[in-house]
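K.L.:
Here you go, one structure.
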Amino acid sequence: LKEIAMEKDMKGVNVLVTAGATQEAIDPVRYITNHSTGKMGYALARDCMLRGANVTLVSGQSALTPPPFTTVISVTSAKEMFDAVTEHAESQDIIIKAAAVADYRPASIAAEKMKKKEDALTIELERTDDILKYLGEHKHPQQFLCGFSMETEHMLENSRKKLEKKHLDMIVANNLKQAGAGFGTDTNVVTMITPQEEIALELMSKEEAAHAIVSQILKNRS
Ligand code: CTP
Ligand code: CA
């Protein structure tokens, strides 16, 4: 009830959130993916929805039930996510990219199930398009772009580089090696990095972290 009574400070605001993992097919049976569960992205979509925003959730693979009152677009591969996000980007006031997008995909997808032959197998991979970088290069001045950054070392330096390279307004960094942070946990420990400042949040639930991140976005937009 407390959540339903949340202040509607995002009425009329269009927000697109990406969440979950992409899957890159190898053949009709196998794929390459990562450990993202979608928890952080779904919590962000839910928080924006509760604040009264018009939420579009572009979701990769996730076992979670999407929050109600959101437009959900389910995608599988990085390419599908690219197409869905760029199709809807123009009308968005805020885009939050919490999805864990594959950086590489198999250069070709075998039409039939691959049979095992030699002792070792090499699969050629090619780069996917960087969705966030594309959005940064094509964003309109009023649009707020927030990325996520997952690191196991040099979190702040590496994340700040991504902020600059992708022309972001904010990047939310988390260190996979920190207890209580990262994939699958119900909690997170994040640092919000903007061109001007760094705000480190302590360990909290992903719902609380989502609320704090969205509050910071609204503050920086105004
Ligand atoms: N991202 C994206 N498209 C990709 C790869 C990443 O939009 N093809 C986005 C992610 O959704 C995230 C941000 O870029 O918001 C940072 O992702 P991350 O994997 O931490 O960084 P990369 O820029 O991919 O660099 P690297 O994996 O080499 O650290
Ligand atoms: Ca990456």
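The values are calculated or read from the model by the stated rules, or taken from the named source; none is laboratory data. Everything numeric in this text was worked out from a predicted model, so none of it was measured. With ideal geometry, Cβ positions are generated from the backbone for all residues, glycine too; neighbour counts draw on all protein chains shown.
K.L.:
Which condition does residue 156 not pass, out of (1) of a type outside the set (Lys, Arg); (2) touching a residue at least 12 places away in the same chain (Cβ under 8 Å); (3) in a helix (DSSP H, G or I); (4) within 12 Å of ligand 1 (Cβ to nearest atom), if it passes all the others?
P.N.:
For residue 156, the exception is condition (4).
K.L.:
Kindly indicate whether any position in the range 137-147 is surrounded by fewer than 17 Cβ atoms within 10 Å (Cβ to Cβ) and modelled with pLDDT of 95 or more.
P.N.:
Among the residues of the range 137-147, at least one is surrounded by fewer than 17 Cβ atoms within 10 Å (Cβ to Cβ) and modelled with pLDDT of 95 or more, which makes the answer yes.
K.L.:
What are the pairs, 6+ residues apart or on separate chains, where a residue within the range 89-109 that is under 17 Å from residue 131 (Cβ atoms) and modelled with pLDDT of 95 or more has its Cβ under 9 Å from a residue that is of a type in the set (D, E, K, R) and within 7 Å of ligand 1 (Cβ to nearest atom)?
P.N.:
Close Cβ pairs satisfying both conditions: 101/130; 103/130.
K.L.:
Regarding residue 133, is this residue part of a helix (DSSP H, G or I) and either under 18 Å from residue 90 (Cβ atoms) or more than 10 Å from ligand 1 (Cβ to nearest atom) (or both)?
P.N.:
Against the criterion (part of a helix (DSSP H, G or I) and either under 18 Å from residue 90 (Cβ atoms) or more than 10 Å from ligand 1 (Cβ to nearest atom) (or both)), residue 133 qualifies.
K.L.:
Select from the range 86-106 the residues that are small (Gly, Ala, Ser) and within 16 Å of ligand 2 (Cβ to nearest atom) and write down the one among them that is nearest to residue 145 (Cα to Cα).
P.N.:
Per the stated criteria, the residue is 98.
K.L.:
With the condition kept exactly as written, say whether any residue in the range 173-193 is in a helix (DSSP H, G or I), surrounded by 19 or more Cβ atoms within 10 Å (Cβ to Cβ) and at negative phi.
P.N.:
No, the conditions are met nowhere in the range 173-193.
K.L.:
Follow-up. Testing residue 8 on (1) farther than 23 Å from residue 216 by Cα; (2) loosely packed, with under 15 Cβ neighbours inside 10 Å; (3) more than 19 Å from the chain's Cα centre (by Cα); (4) not hydrophobic (A, V, I, L, M, F, W, C), one condition comes back false. Which one is that?
P.N.:
In the conditions (1) farther than 23 Å from residue 216 by Cα; (2) loosely packed, with under 15 Cβ neighbours inside 10 Å; (3) more than 19 Å from the chain's Cα centre (by Cα); (4) not hydrophobic (A, V, I, L, M, F, W, C), residue 8 misses (1) alone.
K.L.:
Just to be sure, is residue 144 within 30 Å of residue 222 (Cβ to Cβ), within 12 Å of ligand 1 (Cβ to nearest atom) and hydrophobic (A, V, I, L, M, F, W, C)?
P.N.:
Here the answer is no, as residue 144 does not meet what is asked.
K.L.:
Can you tell me which residue is nearest to ligand 1 (Cβ to nearest atom) among those in the range 65-88 that are aliphatic (A, V, I, L, M) and in contact (Cβ under 8 Å) with a residue 40 or more places away in the chain?
P.N.:
Looking at residues that are aliphatic (A, V, I, L, M) and in contact (Cβ under 8 Å) with a residue 40 or more places away in the chain, I get 78.
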